[in-house]
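Read the structure below first, then the notes.
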Amino acid sequence: MCGFLVYKKSGNNFYIQKRGTEFTNQIKINGFTFVHNLLSVTGKFTPQPFINGDIVCVYNGEIYNHKFTNSDGENIIPLYKKYGTEFPKYLDGEWAIALYDFDKKLVIFTTDLFATKPLWVNGLECASYQSGIGGEKMPANTILVLDLESKIKERKNIYNWDLRQHKKSYDDWIRAFENAVKKRAVENCFIGLSCGYDSGAIACALLKLKIPFKAYIVKGKEDEKILKKRIKLLSEYEYLDESTDFSEEKDWLNKNVEPFRYKINQTVHTDSASLALSRICKMARSESRKVYLSGQGGDEIIGDYALKPHQSQFRGKFPKKIPLKLWKNFYDGYQYSYLGKEEYVAGSHCVETRYPFLDKQVVQEFLWLAVELKNKHYKAPIREYLLKNNFPNLFDKKIGLSVKV
């Protein structure tokens, strides 16, 4: 995970710099100032921007499907030179990319399929956070191409989802999910573990794949019986009970996190779950852990908040024909809000967050499930996975992460 900023006259790197505290590089090219803040996770220590002739690129995230020598990001410019503005269609991962081709007088901004990594655009300027240059947040699954006069030349999707609901088994979804965890996990990664479906499935996959990880457990409103059963399966964990004081996290958030406003009229500073996430990330970083596997997307894609009807479009019953615009929480709504919480809070501790439930193949396999399988149970494919592996779970309940101050 990194943070970057590109501006002409002025930009604010205060909050963005916290996303990459290992090295900050600044360079001026053709009237633009490129600032990149590095958190080195994959490959060798490789400062950015990437430069090839008149092409300059800054990047944040992780690319899983291309080999590299020094850094996964070194693939971006070669892919652009091969495929032109279509190059994001050949990337598998989580990313925000800004590429400037001064020879062809083009600027390309792109985010991954769910905009997991924030990217704000203001004309030809861009930043990981709005405080950098203002502007608007790039939508998910988008390639935006402009000329050097800020005129939009093209706006297109990276991927068009196949909405056939034809698969009669959860098996392909399970294989895709385990592969999504495997490609994102690194030794010394960590999770926040509750008694629910999403974090349980990630923990189950990590144990099955024999990938070392640490679980941080926050008491909150969790079911203690389920937690105790899960703890018995773990080799490394830390348990924060009701006596844990989270008040200092409010000060941390106020000082170090840009007040990203959710579309549910809330900010990271007023969400109690942000306090728990901040504490978990702080503890993990003190142990040199850099990669956090998040359950984000399980509620928004597979559950559509069915147990909270006021937050749900389908209310637990997916239709026989999925609308072309999909559903509100797929890209927007609570997906937009809680991805912001994950990225802004974890980012303030220089932690890279990865999202197995938002893997392209995991989501596509869910869309392909027959409607009867989708609607068979609450979060049916995750339930099937947990039952198949005899992993303890609190079924048919949704308990959000929250703490008292």
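Values for this structure:
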| read-out | value |
| --- | --- |
| Test: residue in the range 150-158 that is within 25 Å of residue 347 (Cβ to Cβ) and in a strand (DSSP E or B) | no |
| Residue in the range 336-347 that is part of a loop (DSSP other than H, G, I, E, B) and either surrounded by fewer than 22 Cβ atoms within 10 Å (Cβ to Cβ) or out of contact with any Pro (no Cβ under 9 Å at 6 or more places or on another chain) (or both) present | no |
| Matching residues in the range 243-288 - criterion: being of a type in the set (D, E, K, R) and either closer than 25 Å to residue 332 by Cβ or touching a residue at least 24 places away in the same chain (Cβ under 8 Å) (or both) | 249, 250, 258, 261, 263, 271, 279, 282, 285, 287 |
| Residue count for the range 349-405, restricted to those that are under 21 Å from the mean Cα position of the chain (by Cα), modelled with pLDDT under 95 and buried (at least 21 other Cβ atoms within 10 Å of the Cβ) | 1 |
| Strands (runs of 3 or more DSSP E) within the range 86-126 that include 2 or more residues of a type in the set (Val, Ile, Thr) and in contact (Cβ under 8 Å) with a residue 24 or more places away in the chain | 106-111 |
| Search result, residues across the range 33-67 that are small (Gly, Ala, Ser) and closer than 18 Å to residue 111 by Cβ | 61 |
| Residue list for the range 1-50, filter: out of contact with any Leu (no Cβ under 7 Å at 6 or more places or on another chain), touching a residue at least 24 places away in the same chain (Cβ under 8 Å) and assigned to a helix (DSSP H, G or I) | 18 |
| Per-region count, the range 179-200, residues within 17 Å of the chain's Cα centre (by Cα) and either not in a loop (DSSP other than H, G, I, E, B) or not assigned by TED's automatic domain parsing to the domain that holds residue 235 (or both) | 12 |
| Residue within the range 204-215 that is outside any strand (DSSP E or B), at positive phi, at pLDDT below 95 and surrounded by fewer than 16 Cβ atoms within 10 Å (Cβ to Cβ) present | no |
| Members of the range 34-93 that are modelled with pLDDT under 95, of a type in the set (Ser, Thr, Tyr) and under 17 Å from residue 117 (Cβ atoms) | 40, 42, 71 |
| Qualifying residue in the range 54-77 (condition: at positive phi, touching a residue at least 60 places away in the same chain (Cβ under 8 Å) and surrounded by fewer than 18 Cβ atoms within 10 Å (Cβ to Cβ)) | no |
| Per-region count, the range 1-44, residues touching a Lys or Arg at 6+ places or on another chain (Cβ under 7 Å) and of a type outside the set (Phe, Trp, Tyr) | 7 |
| Residue tally, condition buried (at least 23 other Cβ atoms within 10 Å of the Cβ), among the small types (Gly, Ala, Ser) and in a helix (DSSP H, G or I), over the range 267-297 | 4 |
| Pair list, Cβ < 8 Å and 6+ apart or interchain, from the range 148-176 residues that are surrounded by 12 or more Cβ atoms within 10 Å (Cβ to Cβ) and at pLDDT below 95 to residues that are of a type in the set (Phe, Trp, Tyr) and not in a strand (DSSP E or B) | 148/102 |
| Residue within the range 94-108 that is hydroxyl-bearing (Ser, Thr, Tyr) and either touching a helix residue (DSSP H, G or I) at 6+ places or on another chain (Cβ under 6 Å) or outside the structural domain of residue 140 (by TED's automatic domain parsing) (or both) present | no |
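The values are calculated or read from the model by the stated rules, or taken from the named source; none is laboratory data. Keep in mind that this is a model prediction, so the values were computed, not measured. Neighbour counts run over all protein chains shown; Cβ positions are idealised from the backbone, glycine included.
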